[in-house]
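Beneath this line is the structure, given in structure tokens, with notes to follow.
The values are calculated or read from the model by the stated rules, or taken from the named source; none is laboratory data. Because the structure is a prediction, the values reported are computed rather than measured. Ideal geometry is used to build each Cβ from the backbone, glycine not excepted, and the neighbour counts take in all protein chains shown. We work out accessible area using only protein heavy atoms, side chains counted, and drop any ligands, DNA or RNA first. Shrake-Rupley method; radii C 1.70, N 1.55, O 1.52, S 1.80 Å.
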Amino acid sequence: MKNTGRRTKITVSADGSGIVSQAGGLLLARTLQVTGMDRGLSAGLGRWRPGRAVHDPGKIVADLVMALALGGDCLADVAMLRAQPQLFGPVASDPVVSRLISRLADDLPAALKAIRAARAAARQRVWALADGTAPGAGGGLVPLDVDATIVASCSEKEQAAPTWKKTFGFHPLTVFADHGAEGSGEPLAIMLRPGNAGSNTAADHVQAVRLALAQLPRAMRRRVLIRADSGGGTHEFLAWLTRPGRRLHYSVGFPMTDDVQAAILKVPAAAWTAAYDSERMVRPGAWVAELTGMLNLAGWPTGMRVIVRKERPHPGAQLRFTDLGGHRFTCFATDTTGGQLADLELRHRLRARCEDRIRAAKDTGLRNLPLHGYAANQIWAELVAMACELLAWMQMLALDGQARRWEPKRLRLRIFTVAGRITRGGRRLRLRLAAHWPWAAQITAAVSRLQALEPG
């Protein structure tokens, strides 16, 4: 059949005026102002501003953070902001940006301290503004999820090394604050490590948690639940968590030793209770039981409980040598004394949301470390953390419903990439979004919520 439809030929010219792309990035710029992070970065990084310099180091770092949040993956991607000064203000040139990163890397401890202080101050303000939707609202525990990931490198960058996954690159350790089922999450620490760093190195876990706790509002630091996989199930890490006066709670993976396997075989059939799914409904083919009284826990923290989960593997899954009787077993340890076993196991299993947060971080600049020097890439990891925080804070303060859970790719597709036209009238600038954009009303409502908040 002959197609008789006629497609109009489109002529393209680069002569438009007053048009801006990434118009939804105005939400990020306003979030920087509301949280006070822009001022905090300017105050903290002022010492790295050369004499007679035009551009403020804090503004340069904030621009890099916004570029990453909008999808950039290298320093040069700040050009997308430079091309739209009406929306994002004056932006430094690429050489100026590169020289600042080099100066910060040369004075790494002081630079990281200044950046992290600005992040912590902004977080305290955001959580106060968010009120009932902030982590730990209502007096509950703030879940902090510790997990490592692999960042591959295609060149021999400083301290890149072979990884346990037979790749080459880095092995950063991350800590994310979980926003719960109604939100996303925010990184409290992204600690860069060489590729050959261990998965269960207690010293690295302690350092990462220290960095994360320093990011929390002071009132929240004794209402924390540390969640980790079996990499955190070490004597040294749990001893540090339970040191007198620390008042931290934990739910960490427990190693499947021979003693644990022997104890599982002795669990009576009546001791197994049904496990829950993420909706707190009974999950067919999954059960939980407690092993605490059946194990010799000498040397482990006092009051520690060990809980095991048994489930039928999903179709196509291969059993491991630690699996018994055709079932898959996983164990975790916790200091929580009360509650149903199924609830405690579900709480621990929800730490899997950390993997979603890591995936989002890799979509926001962590997939590849673009710089050669290790110190410079540590600065880059801090920029990635701030970009992820900026996205999470914007969602917490400006969006509602399902949009609070959207990952960066969806935010960029629906919110940030909208086109608009800037017009002037009555001594004011007005951003007119495309009327046919499906999410235009949602964007304008979000901007209104942020503009109703005073700058930090």
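Taking the conditions (1) of a type outside the set (A, V, I, L, M, F, W, C); (2) more than 21 Å from the chain's Cα centre (by Cα); (3) closer than 30 Å to Arg222 by Cβ in turn, Lys165 satisfies each one other than (3).
Filtering Asp94, Asp131 for residues that are open to solvent by 20 Å² or more (accessible area, probe 1.4 Å) and at pLDDT 95 or above leaves a single hit, Asp94. In the range 123-144, the residues that are farther than 17 Å from Ala214 by Cα reach residues that are open to solvent by 60 Å² or more (accessible area, probe 1.4 Å) and outside any helix (DSSP H, G or I) with C-beta atoms within less than 8 angstrom, at least six apart or across chains, in these pairs: Thr133/Glu182; Gly139/Arg223; Gly140/Arg223. Quick one: would you say Asp73 is under 21 Å from Glu389 (Cβ atoms), in a helix (DSSP H, G or I) and open to solvent by 10 Å² or more (accessible area, probe 1.4 Å)? Answer is no for this residue. Among what's in the range 180-207 and is part of a loop (DSSP other than H, G, I, E, B) and out of contact with any helix residue (DSSP H, G or I) (no Cβ under 7 Å at 6 or more places or on another chain), pick the residue that is modelled with the lowest pLDDT. Only one residue tops the list, namely Ala181.
The requirement of being assigned to a loop (DSSP other than H, G, I, E, B) and either touching a residue at least 12 places away in the same chain (Cβ under 8 Å) or under 21 Å from the mean Cα position of the chain (by Cα) (or both) is satisfied by Glu158. Filtering the range 243-289 to residues that are touching a helix residue (DSSP H, G or I) at 6+ places or on another chain (Cβ under 8 Å), part of a helix (DSSP H, G or I) and surrounded by fewer than 14 Cβ atoms within 10 Å (Cβ to Cβ) leaves nothing.
State yes or no: is Leu350 within 26 Å of Trp240 (Cα to Cα), modelled with pLDDT under 95 and under 25 Å from the mean Cα position of the chain (by Cα)?
On the way: within 26 Å of Trp240 (Cα to Cα): yes; modelled with pLDDT under 95: yes; under 25 Å from the mean Cα position of the chain (by Cα): yes.
Against the criterion (within 26 Å of Trp240 (Cα to Cα), modelled with pLDDT under 95 and under 25 Å from the mean Cα position of the chain (by Cα)), Leu350 qualifies.
Considering only residues that are among the polar types (S, T, N, Q) and surrounded by fewer than 22 Cβ atoms within 10 Å (Cβ to Cβ), which ones fall in the range 385-419?
Going residue by residue through the range 385-419, those that are among the polar types (S, T, N, Q) are 395, 402, 417.
Residues satisfying the conditions are Gln402, Thr417.
Can you say whether Glu382 is of a type outside the set (Ser, Thr, Tyr) and crowded, with 19+ Cβ neighbours inside 10 Å, as far as the supplied structure shows? Yes, satisfied.
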